[in-house]
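All of the numbers you see were taken from the coordinates with simple rules; none came from a lab. No experiment lies behind these values; they were computed from the predicted model shown. We place every Cβ from the backbone using ideal geometry, glycine too, and count neighbours over all the protein chains shown.
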Amino acid sequence: MKVDDAIVYGKSKVHSDLAKMLLADLMNVNSLELLMMLDDEVDEEVFNTYKYRVDELRKGRPIQYIIGNVNFCGNTLEVNENVLIPRFETEQLVEKTIDKIKELWPDQMIDLIDLGCGSGAIGLSIKKKLNQVNVTLLDISDQAMDVAKRNASSLGLDVKYILNDMLENLSNRYDVIISNPPYIRDDEEIEEIVKNNEPHLALYGGRDGLDYYRKILAHIRENIKNKYLIAFEIGDMQKDAIYDLASKYLSNYQIECFKDYSNRDRIIFIYNE
Ligand SMILES: C[S@@+](CC[C@H](N)C(=O)[O-])C[C@H]1O[C@@H](n2cnc3c(N)ncnc32)[C@H](O)[C@@H]1O
């Protein structure tokens with residue numbers, strides 16, 4: 001079978017862009033290169049795997065889990081069903097935090113912890129861009145941590161790992177605490193593809209979605225240095241509640257909220273210079 005025929009087959013089952021992505025991945029080329037080789041033969045074994053993957057996609061499995069990786073902040077990261085698929089909005093959290101670190105600690109070595117690291121997307125992307133940061137990745141899931149470790153290794157990054165329930169019984173102090181914790185309300189309607197495939201441990205944050213912000217902020221004074229930055233990704237309706245939580249557990253701080261490209265409140269910085 002030729003590449004062209006394989007694409008026609010895929011297009012009859014799933015969206016043509018996705019069919020091309022699946023085939024390109026199996027043939028180790030990008031989607032553009034694939035279109036230059038329409039007359040090339042597709043090996044039988046490759047075609048069988050392709051057929052299987054097209055079927056998986058049709059059944060509602062996310063393409064990122066099928067292919068096994070995503071591009072996040074310019075890096076290729078392994079993902080599987082044990083980790084959240086890193087989102088575009090989270091790239092904004094990474095970029096804004098890098099700018100803030102440069103502003104608050106120009107050229108100084110600092111310690112950062114990524115709480116609920118999942119694939120390691122946030123902490124590893126920051127480490128890759130800013131060598132002045134000692135990064136620790138923390139998650140409660142050892143399966144997620146295994147993915148994060150493989151990602152650190154494939155990116156050649158030296159970071160520390162802690163398997164723990166957020167900051168419970170941790171005495172280390174950090175300059176930067178960053179987190180994209182689970183923040184979906186337990187009764188919130190979410191897309192079927194997310195609900196059926198991504199780990200619920202990475203999604204749900206209790207009755208009001210705020211359990212993890214409460215848990216993190218309640219003891220955070222024991223884990224921050226005098227000068228600190230706390231950076232959170234938040235759900236778009238959670239800004240006011242998190243401002244209240246910050247005032248309950250911290251004093252003498254500055255707080256800022258940033259919107260995403262769809263004009264929704266999605267990032268909060270709490271800091272003390
Ligand atoms: C929304 S995901 C974020 C993953 C990754 N940081 C990202 O942005 O793509 C939340 C992560 O928190 C982890 N998690 C859930 N409960 C936790 C807990 N009690 N302590 C530490 N991590 C937890 C989950 O395993 C998951 O990896």
Report summary line: With Cα springs under 10 Å, the Gaussian network model of the chain assigns the largest mean-square fluctuation among Leu38, Leu22, Leu57 to Leu38
Requested in this report: For the pairs Lys129/Lys160; Lys59/Lys128; Lys102/Lys259; Lys127/Lys225; Lys20/Lys195, note any where the Cα-Cα span goes beyond 24 Å.
Outcome: Lys59/Lys128; Lys20/Lys195
Query raised in the report: Per residue and in cubic angstrom, what volume does the convex hull of the Cα atoms of the range 179-239 have?
Result: 91
Requested in this report: Starting from the Cα of Ser154, move 7 Å in the Cα-to-Cβ direction to define the label point; list residues of the range 48-64 whose amide nitrogen is under 15 Å from there.
Outcome: 64
Query raised in the report: Measuring from the lowest to the highest alpha carbon on each principal axis, how far does the chain reach, largest first, in angstroms?
Result: 67, 42, 34
Query raised in the report: How far is the Cα center of the range 240-273 from the Cα center of the range 134-192, in Å?
Result: 20
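Determine by what factor the alpha-carbon radius of gyration of the range 3-59 differs from 2.2 N^0.38 Å, reporting the quotient. Don't skip to the answer; put the middle values down first.
Details: Rg = 9.9 Å, N = 57, 2.2 N^0.38 = 10.2 Å.
Expressed relative to 2.2 N^0.38 Å, the Cα Rg reads 0.97.
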**Report entry** Paramagnetic label zone (point 7 Å from Cα along Cα-to-C-beta, Asn272; backbone N under 18 Å) in the range 221-245
**Finding:** 221-232, 243-245
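Determine the percent antiparallel among the DSSP beta bridges restricted to the range 1-138, to the nearest 5.
Numbers: 5 of 11 bridges.
Roughly 45 percent of the DSSP beta bridges within the range 1-138 come out antiparallel.
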Query raised in the report: Where does each of Tyr243, Tyr50, Tyr249 land when they are ranked from fewest to most other beta-carbon atoms within 10 angstrom?
Result: Tyr243, Tyr249, Tyr50
**Report entry** Positive-end residue, the chain charge dipole about Cα centroid, Cβ charges, pick of Tyr9, Ile113, Asn252
**Finding:** Asn252
Query raised in the report: List the trypsin sites (Lys or Arg not before Pro) in the range 149-184 that DSSP assigns to loop (not H, G, I, E or B) and whose Cβ has at most 15 other Cβ atoms within 10 Å. Which are they?
Result: Arg173
Query - For the chain, built as a Gaussian network whose Cα springs stay under 10 Å, the top-fluctuating residue of Gln132, Gln64, Gln108 - result: Gln108
Report task. Would you list, by chain and number, the lysines whose Cα falls below 18 Å from the Cα of Lys215, excluding same-chain residues fewer than 8 positions away? Result -> Lys239, Lys248
Report summary line: Taking alpha-carbon centroids only, the range 20-74 lies from the range 76-117 a number of Å equal to 28
Query raised in the report: What fraction of the DSSP beta bridges in the chain is antiparallel, stated in percent and rounded to the nearest 5?
Result: 45
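Would you calculate a helix-derived [θ] at 222 nm for the chain, using -39,500 (n - 2.57) for each DSSP H run of n ≥ 4 and dividing by the full residue count, to the nearest 500?
That comes out to -11500 deg cm²/dmol.
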**Report entry** Only Lys, Arg (+1) and Asp, Glu (-1) charged, at Cβ; the range 3-59 dipole about Cα centre in debye
**Finding:** 480
Query raised in the report: Are there GluC sites (Glu not before Pro) in the range 124-223 that DSSP puts in a loop and that have at most 16 other Cβ atoms within 10 Å, and which ones?
Result: Glu168, Glu188, Glu189, Glu191
Query raised in the report: Given springs between every Cα pair under 10 Å in a Gaussian network model of the chain, which of Tyr183, Tyr228, Tyr253 has the largest fluctuation?
Result: Tyr253
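How large is the Kirkwood hydrodynamic radius of the range 124-273, in angstrom, based on all distinct alpha carbon pairs?
Here the Kirkwood hydrodynamic radius works out to 16.6 Å.
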**Report entry** Charge dipole magnitude, Cβ of K and R +1, D and E -1 - the chain, Cα centre, debye nearest 20
**Finding:** 740
Requested in this report: Loop only per DSSP, at most 16 neighbouring Cβ atoms within 10 Å: give me the trypsin sites (Lys or Arg not before Pro) in the range 86-138, ordered by residue number.
Outcome: Arg87
